[in-house]
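Heads up: the structure comes next, in structure tokens.
The values are calculated or read from the model by the stated rules, or taken from the named source; none is laboratory data. None of these values were measured; they are calculated from a predicted model. Note that we place each Cβ from the backbone using ideal geometry, even for glycine, and neighbour counts take in every protein chain shown. Just the protein is used for accessible areas: all its heavy atoms, side chains included, with ligands, DNA and RNA removed. Shrake-Rupley method; radii C 1.70, N 1.55, O 1.52, S 1.80 Å.
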Amino acid sequence: MFGVSSDDWSLEVPDRYFSLEDYDGGVARWCPSCGDHAVLSAVQRICRDEQLPPEKVVAVSGIGCSSRFPHYMHTYGFHGLHGRALPVAAGVKARRPDLHVWVATGDGDCCSIGAGHWVHAVRYNMDMTVMLFDNNIYGLTKMQTSPTTPLHFHTKTHPGGAVLPPINPVLTTLGFTNVSFVARTVDWNPLHLYQTLKLAYEHKGLSFVHILQRCPTYTAELFRDLQNDPDRIELLQHPDGVPADPAVERMYKNHKVHDPSDIAAARALDEARSDDRIPIGLFYRNPAAPRYDEWTATGLGMTAEEKLAGVNQALDRFAV
Ligand code: SF4
Ligand code: MG
């Protein structure tokens, strides 16, 4: 029949196919050239490539520019309060382990008011992807010093220059008990950004991804030089790390072999870091770290009758 064999009619057609539009929650209101656009695009592409049903995805955030993220995902979402993205995400994961949880938080949101939650969320190691959008400033409230603002950088709260040394989010996270996944990427390299976030998504446990994020409105000079000088970036390489890509390897010529199972070596990478040598890639992964979401999932599938029987059985132990 004009070259069409009967086999062609038996092609498997999925019940539902999700395109990028299925995850698109509307026009993002971030400033033009803001790095947040690139991260949103990468997450939507991962959802499409993994064919995640939109009703099985939830984006959770705190407060800040990047925390507008859930509004732009056509999935479930929760735009939380200052620094509270992680406990909300933990609550979601505890009751709905079937959902794919993406957390959007910023350097102010995570490393300042949310710092207490940061420590414990990493320790609880529930399965979720945490994206720290680090633009080195409070952007939404218009340029106050954040915990990652570089020393001497001029801000509205420190017009003479920031007076304290900044927190290093990667090094800090690597110091938390039960840490299981830490990576760094940059928003202006879409391939590396995508590959890093995909690796983080695939990890079973809390994946912490430090994203160097351009803020052309308030910290343009901090990122412009870095973007224009790829020799300042050091690409971490390992078969268990972020998958190698020839285009990324050509862009970043400083390569370093790093075994992501070695936490001491991971810490040493950023302890030795200078502005002229910023490692990107997978710092550390421990798939064997215990996960609290496996414990909270216990009994979730029980019927009301089974729960009642369980309670009665427990109470019977105290019968006299
Ligand atoms: Fe992005 Fe900075 Fe604009 Fe916020 S202020 S939307 S971080 S460019
Ligand atoms: Mg910020």
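Filtering the stretch 253-271 to residues that are over 26 Å from Pro165 (Cα atoms) and either touching a Phe, Trp or Tyr at 6+ places or on another chain (Cβ under 7 Å) or crowded, with 19+ Cβ neighbours inside 10 Å (or both) leaves His258, Pro260. Scan the stretch 199-217 for residues that are surrounded by fewer than 20 Cβ atoms within 10 Å (Cβ to Cβ) and within 16 Å of ligand 2 (Cβ to nearest atom) and jot them down. Within the stretch 199-217, Pro216, Thr217 qualify.
Determine, yes or no, whether Ala297 is surrounded by 14 or more Cβ atoms within 10 Å (Cβ to Cβ) and out of contact with any Cys (no Cβ under 8 Å at 6 or more places or on another chain). Yes; evaluated as a whole, the condition is true for this residue.
A quick yes/no check of all residues on (1) in contact (Cβ under 8 Å) with a residue 60 or more places away in the chain; (2) on the phi > 0 side of the Ramachandran plot:
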| site | (1), (2) |
| --- | --- |
| Cys110 | no, no |
| Asn125 | yes, yes |
| Leu140 | yes, no |
| Pro169 | yes, no |
| Val182 | yes, no |
| His203 | yes, no |
| His210 | yes, no |
| Arg224 | no, no |
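Of all residues in the stretch 185-192, one or more are within 19 Å of the chain's Cα centre (by Cα), touching a residue at least 40 places away in the same chain (Cβ under 8 Å), closer than 20 Å to Asp259 by Cβ and open to solvent by less than 20 Å² (accessible area, probe 1.4 Å).
If I go through the stretch 96-130 residue by residue, how many of them are in a helix (DSSP H, G or I) and within 16 Å of ligand 1 (Cβ to nearest atom)?
Residues meeting the conditions: 6.
A single member of Phe133, Phe153, Phe69 is open to solvent by less than 50 Å² (accessible area, probe 1.4 Å), part of a strand (DSSP E or B) and within 16 Å of ligand 1 (Cβ to nearest atom), and it is Phe133.
Here is a check on your reading of the model: is Asp259 farther than 14 Å from Leu199 by Cβ and either aromatic (Phe, Trp, Tyr) or not in a strand (DSSP E or B) (or both)? Criteria met by Asp259.
The C-beta contact set for the stretch 254-274 (first residue touching a residue at least 24 places away in the same chain (Cβ under 8 Å), second residue among the polar types (S, T, N, Q) and part of a strand (DSSP E or B), distance under 8 angstrom, 6+ apart or interchain) comprises His258/Gln237. Looking at Gly241, is it part of a loop (DSSP other than H, G, I, E, B) and open to solvent by less than 50 Å² (accessible area, probe 1.4 Å)? So Gly241 passes the test. Report yes if Thr196 is buried (at least 16 other Cβ atoms within 10 Å of the Cβ), touching a Cys at 6+ places or on another chain (Cβ under 7 Å) and not small (Gly, Ala, Ser), otherwise no. So Thr196 fails the test. I'd like to know if the stretch 24-37 contains one or more residues that are within 16 Å of ligand 1 (Cβ to nearest atom), polar (S, T, N, Q) and open to solvent by less than 40 Å² (accessible area, probe 1.4 Å). No, there is no match, as no residue in the stretch 24-37 is within 16 Å of ligand 1 (Cβ to nearest atom), polar (S, T, N, Q) and open to solvent by less than 40 Å² (accessible area, probe 1.4 Å).
Each residue in the stretch 95-117 was checked for being more than 14 Å from ligand 2 (Cβ to nearest atom) and open to solvent by less than 10 Å² (accessible area, probe 1.4 Å), and 3 pass. Note on the stretch 272-291: residues that are surrounded by 11 or more Cβ atoms within 10 Å (Cβ to Cβ) and under 20 Å from Thr172 (Cβ atoms) total 12. Restricting attention to the stretch 121-143, the residues that are near ligand 2 (Cβ under 9 Å from one of its atoms) and aromatic (Phe, Trp, Tyr) total 2.
Within the stretch 48-66, the set of residues being surrounded by 24 or more Cβ atoms within 10 Å (Cβ to Cβ), not aliphatic (A, V, I, L, M) and not in a loop (DSSP other than H, G, I, E, B) comprises Ser61, Ser66. Taking the criterion of being within 16 Å of ligand 2 (Cβ to nearest atom) and either touching a residue at least 40 places away in the same chain (Cβ under 8 Å) or within 24 Å of Val186 (Cβ to Cβ) (or both), the residues of the stretch 41-85 that qualify are Ser61, Gly62, Ile63, Gly64, Cys65, Ser66, Ser67, Arg68, Phe69, Ala85. Filtering the stretch 262-290 to residues that are in contact with a Ser or Thr (Cβ under 8 Å, 6 or more places away or on another chain), of a type outside the set (A, V, I, L, M) and in a loop (DSSP other than H, G, I, E, B) leaves Asn286, Pro287.
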